[in-house]
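First the structure, in the form of structure tokens, and then the observations on it.
The values are calculated or read from the model by the stated rules, or taken from the named source; none is laboratory data. Worth saying up front: this structure is predicted, and the values here are computed from it rather than measured. Note: ideal-geometry Cβ built from the backbone for every residue, glycine included; neighbour counts use all protein chains shown. The area values use the complete protein model at the heavy-atom level, side chains included, leaving out ligands, DNA and RNA. Shrake-Rupley method; radii C 1.70, N 1.55, O 1.52, S 1.80 Å.
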Amino acid sequence: MSPTITEVDVYDIRFPTSEQLDGSDAMNPDPDYSAAYVVLRTDAPGGLAGYGFCFTIGRGNDVVAAAIGTLRPYVVGRSVDSVTGDLGDFYRLLTHDSQLRWLGPEKGVMHMAAGAVINAAWDLAARQAGLPVWELLSGMTPEQIVAMVDFRYLSDALTPDEALEILRRAEPGRAERAALLRRDGYPAYTTEPGWLGYSDEKLTRLAKEAVAAGFGQIKLKVGGDLDDDLRRMRLAREAVGPDIRIAVDANQRWDVAAAIDWMSALAPFDPYWIEEPTSPDDVLAHAAVRAGQPVPVATGEHVANRVVFKQLLQAGAVDFVQIDAARVAGVNENIAILLLAAKFGVPVCPHAGGVGLCELVQHLSMFDYVAVSGSWENRVIEYVPHLHEHFTDPVVMANGRYQTPAAPGFSARMTPRTLTDYRYPDGPVWTARQELTR
């Protein structure tokens, strides 16, 4: 008899990263990296559970946690096998409720909350199977993978038959690519040198350290002041030399004309891409920026759903697709986006950093390499060395590459001490800060 999901526990977990300006950029000067964290408890012997979360940057984390709580009636009391045995149906159950869907539809806080629970269900399924999520996904048949996807609103760009063709084309080399991943890891780049609040000295030092650690690409935040950005790009290029790629990220700072002018000025320093030059919802603006200046365009971390990704690809508006493991509705919707990117031949370079996003998204990129695109050419996963110590199965980096996760699950489980110490607002880390500000 299948065990039962007995509870959905939700935690408001926040980290005071604004104190050191970690994560600072032109639009987000003082982020406190946070997670609306969810645990699917079961009555299985041995304490089988599933873990997931939404990433936020502080205020509003409680709003997402409350949204996760509204999904509890859809989960509690269900047998584990009914969830893990049909994750496509579970995805549709959580995203198609007519009254909750009205709040988006299929975007925003409610959609992110559904994604946290869906990701926790994938973690549960992988733990039940004794496999990391990337291996669980990579071992599925093309038909099983396609069954995970909601093709509503996609069929004008990607049909189920086209998705099956993509997956079947990648089938013959799966074992060899998985073996190569285990041997060499997956390519990464680091944003660590580039936070906008860092001094020039810190930028230069961290850029040199990144190259020494094996990274072939770094990223700088831009968009605060053009003269500052020109100086920082010059320092970074001098620090890493001509052969290391430097991407830049404006975090939605500009209108189209400003983006074109700004990137035209930075172009002599050979930026690898300009990330989020304008509103993540504005497909035509991204297309105009791409056409109006010489630097390739990347976006995706704030793109709300598969439909906007479809439009970005249809419009030829992006050179790099940047999925986020906790922005859209979980693994299922990210499978759809990976298939769309493969159909249009655009490389996927995920957003990570934050808290736990590196842990999650490594699984999706590795699945993409093994079973979807079959390539890691021009593909890299973002890496930031923040807060990994709070996870029981943190990412492992070697020579600028993500090493393949081996532990069962989605690498999403936080340590018990973290759940105690960083609980907001009454965990000891936050009560101590409150005492200091009195």
The range 167-192: number of residues that are surrounded by 18 or more Cβ atoms within 10 Å (Cβ to Cβ) and touching a Ser or Thr at 6+ places or on another chain (Cβ under 8 Å): 5
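Among the residues of the range 278-299, are any closer than 20 Å to PRO385 by Cα, polar (S, T, N, Q) and surrounded by fewer than 22 Cβ atoms within 10 Å (Cβ to Cβ)? Steps first, answer last, please.
Taking the range 278-299 and keeping what is closer than 20 Å to PRO385 by Cα, we get none.
Taking every residue of the range 278-299 in turn, none turns out to be closer than 20 Å to PRO385 by Cα, polar (S, T, N, Q) and surrounded by fewer than 22 Cβ atoms within 10 Å (Cβ to Cβ).
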Are there any pairs, at least 6 apart or on different chains, whose C-beta atoms fall under 8 Å, with the first in the range 38-50 and among the basic types (Lys, Arg) and the second open to solvent by 20 Å² or more (accessible area, probe 1.4 Å), and if so, which? ARG41/THR6; ARG41/GLU7; ARG41/ASP9
How many residues does the range 91-106 hold that are touching a helix residue (DSSP H, G or I) at 6+ places or on another chain (Cβ under 8 Å) and either β-branched (Val, Ile, Thr) or surrounded by fewer than 21 Cβ atoms within 10 Å (Cβ to Cβ) (or both)? 7
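Let's see how each residue does on (1) closer than 20 Å to PRO187 by Cα; (2) in a loop (DSSP other than H, G, I, E, B); (3) modelled with pLDDT under 95:
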residue: ASP281; (1), (2), (3): no, yes, no
residue: GLU301; (1), (2), (3): yes, yes, no
residue: ALA317; (1), (2), (3): no, yes, no
residue: LEU360; (1), (2), (3): yes, no, no
If you scan the range 107-132, which residues turn out to be touching a Pro at 6+ places or on another chain (Cβ under 8 Å) and open to solvent by less than 10 Å² (accessible area, probe 1.4 Å)? ALA126, PRO132
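How many residues does the range 338-357 hold that are in a loop (DSSP other than H, G, I, E, B) and either farther than 17 Å from HIS302 by Cα or polar (S, T, N, Q) (or both)? Walk me through it before giving the result.
Going residue by residue through the range 338-357, those that are in a loop (DSSP other than H, G, I, E, B) are 345-347, 349-356.
Now drop any that are not either farther than 17 Å from HIS302 by Cα or polar (S, T, N, Q) (or both), which leaves 345-347.
The qualifying residues number 3.
Against the definition (open to solvent by 50 Å² or more (accessible area, probe 1.4 Å), within 12 Å of PRO193 (Cβ to Cβ) and of a type outside the set (Val, Ile, Thr)), how does LYS221 come out, yes or no?
Judged against the criteria, LYS221 is not a match.
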Name the single residue that is farthest from the chain's Cα centre (by Cα) among those in the range 385-438 being charged (D, E, K, R) and either at pLDDT below 95 or assigned to a loop (DSSP other than H, G, I, E, B) (or both). ARG438
Answer yes or no as to whether LEU340 is closer than 21 Å to GLY88 by Cα and modelled with pLDDT of 95 or more. yes
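Would you confirm whether or not the range 417-438 contains a residue that is touching a Gly at 6+ places or on another chain (Cβ under 7 Å) and open to solvent by 50 Å² or more (accessible area, probe 1.4 Å)? Show your work before the answer.
To start, the set of residues in the range 417-438 that are touching a Gly at 6+ places or on another chain (Cβ under 7 Å) comprises 420-421.
Among the residues that remain, those that are also open to solvent by 50 Å² or more (accessible area, probe 1.4 Å) are: 420.
Looking for residues that are touching a Gly at 6+ places or on another chain (Cβ under 7 Å) and open to solvent by 50 Å² or more (accessible area, probe 1.4 Å), one finds at least one in the range 417-438, hence yes.
If you check GLY224, GLY216, GLY139, GLY173, which single one turns out to be at pLDDT below 95 and on the phi < 0 side of the Ramachandran plot?
GLY224
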Could you tell me whether any residue of the range 185-197 is over 30 Å from GLN314 (Cβ atoms) and of a type in the set (Val, Ile, Thr)? yes
Spot the failing condition for PRO416; the list is (1) out of contact with any Phe, Trp or Tyr (no Cβ under 7 Å at 6 or more places or on another chain); (2) under 26 Å from PRO193 (Cβ atoms), and only one is missed. (2)
Residue list for the range 300-311, restricted to those being surrounded by 21 or more Cβ atoms within 10 Å (Cβ to Cβ) and within 21 Å of VAL222 (Cβ to Cβ): GLY300, GLU301, VAL303
If a residue must be small (Gly, Ala, Ser), surrounded by fewer than 24 Cβ atoms within 10 Å (Cβ to Cβ) and more than 21 Å from GLY216 (Cβ to Cβ), how many such residues does the range 245-277 contain? 4
Would you mind listing the helices (runs of 4 or more DSSP H) fully within the range 164-263 where at least 2 residues are touching a residue at least 60 places away in the same chain (Cβ under 8 Å) and out of contact with any Lys or Arg (no Cβ under 8 Å at 6 or more places or on another chain)? 174-184
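Mind counting the residues in the range 122-140 that are over 15 Å from ILE335 (Cα atoms) and assigned to a helix (DSSP H, G or I)? Step through it out loud before you land on a result.
Of all residues in the range 122-140, those over 15 Å from ILE335 (Cα atoms) come to 123-132.
Retained after the next criterion (residues that are assigned to a helix (DSSP H, G or I)): 123-129.
Total meeting the criteria: 7.
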So which residues in the range 43-71 are more than 19 Å from the chain's Cα centre (by Cα) and crowded, with 24+ Cβ neighbours inside 10 Å? none
